[in-house]
Amino acid sequence: MPTIRDIAQPLEAWAPPGSAQDYDNVGLQVGDAGREIDRALIALDCTPQVLDEALEIGAQLIISHHPLIFRRLSSVTADGFVSNLALRLAESKVALYSIHTNLDATPGGVSFALAEQLGLSGIDLLDGFDESMLKLVTFVPNDEFDAVRSALAEAGAGRIGDYDACAFASDGTGYFKPGDAADPHIGTAGGDLQSVSERRIEAQVERWNLRRVLSALHDAHPYEEVAYDVYPLQGKTSQAGLGAIGTLDEPLPMPDFLARVQSRLDAGSLRWAGDPEATVKRVAVCGGAGSDFIRTARGAGADAYVTSDITYHQFFDVLDNDGTPQIAVIDAGHYETESITEQLLLDYLAERFPDVSFERTRHRTSPMRTFTGAEPSPSA
């Protein structure tokens with residue numbers, strides 16, 4: 001049986017923990033990474049009801065999108081919702097692994113699944129991360145060039161858009177003089193100044209993948225001391241970001257598009273701003289709290305933007321100077337725009353671990369409800 005660590009490896013290759021937001025807390029929250037599992041429960045949130053369900057079905061692991069432990073706990077006791085639930089998990093020997101904003105950020109992640117749920121095609125990132133790319137430069141003797149370049153590529157260096165293993169090489173001469181305690185690949189300890197024909201390799205690396213790439217570099221490079229430089233790059237990466245944008249197969253009148261959002265997301269109600277007479281073709285989305293990207297969606301040419309947790313004043317961002325709506329912004333609910341994450345994770349893991357039973361929780365984990373004007377009960 002695979003261990004929790006085994007389960008985490010493909011998840012973290014797909015959605016690197018280093019791409020999570022600074023405030024986030026992702027990864028194994030409770031449990032032993034070396035424990036073998038044969039059953040796991042997947043939920044948007046870890047709640048007491050989800051833990052009860054895990055115990056009922058014999059699951060050793062809960063995989064949640066939202067972390068239970070966002071902030072450092074000063075104690076783990078029965079007092080307080082988070083602390084009590086963490087204690088119950090530990091006492092029940094049920095592990096908890098969370099994959100949150102790193103899954104939001106990866107292509108094919110939460111927002112891409114939301115876009116597909118709404119029937120969009122040609123889906124791409126809405127906004128790539130700024131200042132997240134680095135340039136790695138190293139120097140390799142000619143005979144070892146192909147081995148080192150391949151190792152860097154296999155570790156993930158050189159990804160640009162839809163292309164892998166991108167690199168640039170130039171020829172030059174390297175000089176070094178081995179010290180008395182050195183164990184040089186060329187020359188002898190305490191020997192004379194050496195010169196060797198080398199090739200300079202340059203490749204882009206995401207900042208969250210730098211440690212892995214540098215480890216591969218040291219493993220593949222023949223030199224005892226590996227010379228390399230790392231430079232920050234300007235601009236956005238296409239390898240991670242937030243939100244997604246795509247196109248409907250056919251334009252929809254605004255009322256029809258709103259009805260589609262409500263139906264496909266099983267939303268009790270929608271809060272929205274925009275032109276009721278508009279037609280929707282190009283749509284931006286961001287699962288969960290994506291109110292900071294209203295202007296980004298507008299600048300990307302979206303006719304509508306679907307997300308959640310929009311404040312009153314942020315709805316004004318749809319208007320131009322004359323007060324005319326330039327985009328429709330739709331708040332469909334945090335849970336409603338992210339609940340598809342449960343199925344996304346289930347499908348991803350079930351394909352890779354056929355010997356493990358992955359189940360999606362039967363509970364709606366959101367504590368929020370929508371009141372739509374139902375008649376009060378007779379006792380009210």
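The values are calculated or read from the model by the stated rules, or taken from the named source; none is laboratory data. Predicted, not measured: the structure shown is a model, and the values here were computed from it. Neighbour counts are summed over all protein chains in view; Cβ atoms, including those assigned to glycine, are modelled from backbone coordinates with ideal geometry. Side chains included, ligands, DNA and RNA excluded: accessible areas come from the protein's heavy atoms. Shrake-Rupley method; radii C 1.70, N 1.55, O 1.52, S 1.80 Å.
Would you kindly give the portion of the calculated P(r) for the chain that falls above 28 Å, as a percent of all Cα pairs? Show your work: numbers first, answer last.
Values: 41081 of 72010 pairs.
Distances greater than 28 Å cover 57 percent of the Cα pairs.
What are the extents of the Cα atoms of the range 70-157 along their three principal axes, in Å, largest first?
Its Cα atoms span 63, 41, 25 Å along the three principal axes.
I want the local charge near Phe316. Using Cβ-Cβ distances under 15 Å, sum +1 for each Lys or Arg and -1 for each Asp or Glu among the other residues. Don't skip to the answer; put the middle values down first.
Details: positive: Arg271, Arg295, Arg298; negative: Asp275, Asp292, Asp317, Asp320, Asp322, Asp331.
After counting each charged neighbour, the total is -3.
Kindly give the semi-axes, whole Å and largest first, of the ellipsoid equivalent to the range 49-111, taking each as the square root of 5 times a Cα gyration tensor eigenvalue. List each step's numbers first, then the result.
Details: eigenvalues 108, 55, 13 Å².
For the range 49-111, the ellipsoid semi-axes come out as 23, 17, 8 Å.
How far apart, in nm, are the 7 Å Cα→Cβ label points at Thr188 and Lys135?
Result for the modelled spin labels: 4.1 nm.
Checking the cross-link filter: which lysines have an alpha carbon closer than 30 Å to that of Lys135, excluding same-chain neighbours under 8 positions apart?
Lys177, Lys236
Using θ = phi - 60° and the Karplus relation 6.51 cos²θ - 1.76 cosθ + 1.60, list the HN-Hα couplings for the range 339-352 in order, rounded to whole Hz, with x at every Gly or Pro.
With coefficients 6.51, -1.76 and 1.60, one gets 4, 4, 4, 4, 5, 4, 5, 4, 5, 5, 7, 4, 5, 8 Hz.
Label-point separation (nm) for Ala259 and Val226, each offset 7 Å from Cα along Cα-to-Cβ?
Distance between the two pseudo-spin positions: 6.0 nm.
State the extension gain, in nm to one decimal, for the chain segment bounded by Asp180 and Asp143, taking 0.36 nm per residue of separation less the distance between their alpha-carbons. Can you show the working numbers first?
Working: separation 37, 0.36 × 37 = 13.32 nm, distance 2.56 nm.
Separation in residues times 0.36 nm, less the Cα-Cα distance, equals 10.8 nm.
Would you compute, from DSSP H runs of 4+ residues alone, the mean residue ellipticity of the chain at 222 nm, taking -39500 (n - 2.57) per run and dividing by the full residue count, rounded to the nearest 500? Intermediate results must be reported in sequence, preceding the final value.
Details: 11 runs with 102 residues, N = 380.
After summing the helix terms and dividing by the residues of the chain, the value is -7500 deg cm²/dmol.
Quick one: Debye curve from the alpha-carbon atoms of the range 114-258 only, equal weights, vacuum; give me log10 I(q)/I(0) at q = 0.14, 0.20 Å⁻¹ to two decimals.
So the normalised log intensities are -0.75, -1.14.
If I fit a long axis through the Cα atoms of helix 254-264 and take the longest principal axis of the Cα atoms of the chain, what angle between them do I get, 0 to 90°, rounded to 10?
The angle comes out at about 80 degrees.
For the range 304-380, rounded, prolate or oblate, judged on the Cα gyration tensor with a ≥ b ≥ c (square roots of eigenvalues), a/c < 1.5 rounded, else prolate if a/b > b/c? Walk me through the numbers on the way to the answer.
Details: a/c = 4.61, a/b = 1.41, b/c = 3.27.
In terms of gyration-tensor shape, oblate.
Applying the Karplus parametrisation 6.51 cos²θ - 1.76 cosθ + 1.60 with θ = phi - 60° to the phi angles of the range 300-310, what ³J(HN,Hα) value in whole Hz is obtained for each residue in order, glycine and proline being reported as x?
So the Karplus estimates, Gly and Pro as x, are 7, x, 6, 7, 8, 10, 10, 7, 7, 6, 8 Hz.
Between Ser74 and Glu36, what length comes free when the chain is fully extended (0.36 nm per residue of separation minus the Cα-Cα distance, one decimal in nm)?
Values: separation 38, 0.36 × 38 = 13.68 nm, distance 2.91 nm.
Gain in length upon complete extension: 10.8 nm.
For the range 52-93, what % of the accessible area comes from carbon and sulfur atoms, probe 1.4 Å? Please report the intermediate quantities before stating the final value.
Working: 1190 of 2330 Å².
Carbon and sulfur: 51 percent of the exposed surface of the range 52-93.
Post the alpha-carbon centroid distance, the range 138-158 to the range 175-201, in whole angstrom.
Here the answer is 19 Å between Cα centres.
Counting only protein heavy atoms and using a 1.4 Å probe, what share of the accessible area of the range 301-380 belongs to carbon plus sulfur, as a whole percent?
That share works out to 51 percent.
Under a Cβ-Cβ cut-off of 10 Å, what is the net charge of the residues other than Ser64 that fall near it, where Lys and Arg count +1 and Asp and Glu count -1? Spell out each step's value before the answer.
Numbers: positive: none; negative: Asp45, Glu342.
After counting each charged neighbour, the total is -2.
For the range 120-193, with all protein chains present and a 1.4 Å probe, just round the carbon and sulfur fraction of the accessible area to a whole percent.
Answer for the range 120-193: carbon and sulfur cover 44 percent of the accessible area.
With springs only between Cα atoms under 10 Å, which of Ala43, Ala115, Ala350 fluctuates most in a Gaussian network model of the chain?
It is Ala350.
Under a point spin-label approximation (7 Å from Cα along Cα-to-Cβ), what is the Thr324-Asp355 distance to one decimal in nm?
For the pair Thr324/Asp355, the computed spacing is 6.4 nm.
How much accessible area per residue does the chain have, in Å², with a 1.4 Å probe? The partial results should precede the final answer.
Details: 19040 Å² over 380 residues.
Accessible area per residue, the chain: 50 Å².
Extension gain Ser170-Met368, at 0.36 nm per residue separation less the Cα-Cα distance, in nm?
On the way: separation 198, 0.36 × 198 = 71.28 nm, distance 5.91 nm.
65.4 nm is the gain from fully extending Ser170 to Met368.
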